[in-house]
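Chemist: The structure under discussion is supplied below as structure tokens; questions concerning it will follow.
No lab work stands behind these numbers, since they all come straight from the coordinates. Predicted model only: the values in this text are computed from it and were never measured. Cβ atoms come from the backbone with ideal geometry, glycine included; neighbour counts cover every protein chain shown.
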Amino acid sequence: MLLHDDHLERDLRLLAKFLDIYCADKHAGVEKHVATLKMHDVEAVAGRSLSLCPSCHALLAHAFTKRTNCPLEPKPACKRCSEHCYHPKYRERIREVMKYSGRTALLRGRLDYFFHLLF
Ligand SMILES: [Zn+2]
């Protein structure tokens, strides 16, 4: 699938990178596989291939689908959105990922991730 929407592409890239950081740190002992999705070329979106555990892969798939299908333009920050399109069990987890990886990226000096925060 080709992405023509810059905001969408940027958001998906951030989701992919933050999940990658989170899974590498929090699920170090869990068996991981290269992430692939039907609707997206994950490697092209993230800039490299991602290795995720099964539960983070499921979260990636859910997050990519929800973000791609978001009908609001411009998309509000999810915490201010009235739609709450995420399944509750995934919503809690993606918030945890964003919080953890956001802080980690900040500590590593990756301020470029912060011009746009999703959650
Ligand atoms: Zn994981």
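Chemist: In the range 1-28, which residues are under 15 Å from the mean Cα position of the chain (by Cα) and near the ligand (Cβ under 10 Å from one of its atoms)?
Modeler: Leu19, Asp20, Tyr22, Cys23, Ala24
Chemist: Among (1) touching a Lys or Arg at 6+ places or on another chain (Cβ under 7 Å); (2) surrounded by fewer than 16 Cβ atoms within 10 Å (Cβ to Cβ), there is one condition Leu12 misses while meeting the rest; what is its number?
Modeler: (2)
Chemist: Please count how many residues of the range 29-75 are basic (Lys, Arg), away from the ligand (no atom under 11 Å from the Cβ) and closer than 19 Å to Arg93 by Cα. Please lay out each step first, then the result.
Modeler: The first filter runs over the range 29-75 and keeps only residues basic (Lys, Arg), leaving 32, 38, 48, 66-67, 75.
Next, from what is left, pick out any that are away from the ligand (no atom under 11 Å from the Cβ): 38, 48, 66-67, 75.
With closer than 19 Å to Arg93 by Cα added as a condition, the list becomes 66-67.
Matching residues across the range 29-75 total 2.
Chemist: Show the residue pairs meeting these rules: Cβ distance below 6 Å; 6+ apart or different chains; first residue within the range 18-41 and assigned to a loop (DSSP other than H, G, I, E, B); second residue within 9 Å of the ligand (Cβ to nearest atom) and not aliphatic (A, V, I, L, M).
Modeler: Listed by first residue and then by second, the contacts come to His27/Cys53; Val30/Cys53; Lys32/Cys53; Ala35/His57.
Chemist: May I pose another question? Look through the range 51-87, keep the residues that are outside any loop (DSSP other than H, G, I, E, B) and of a type in the set (A, V, I, L, M), and return whichever of them is surrounded by the most Cβ atoms within 10 Å (Cβ to Cβ).
Modeler: Leu60
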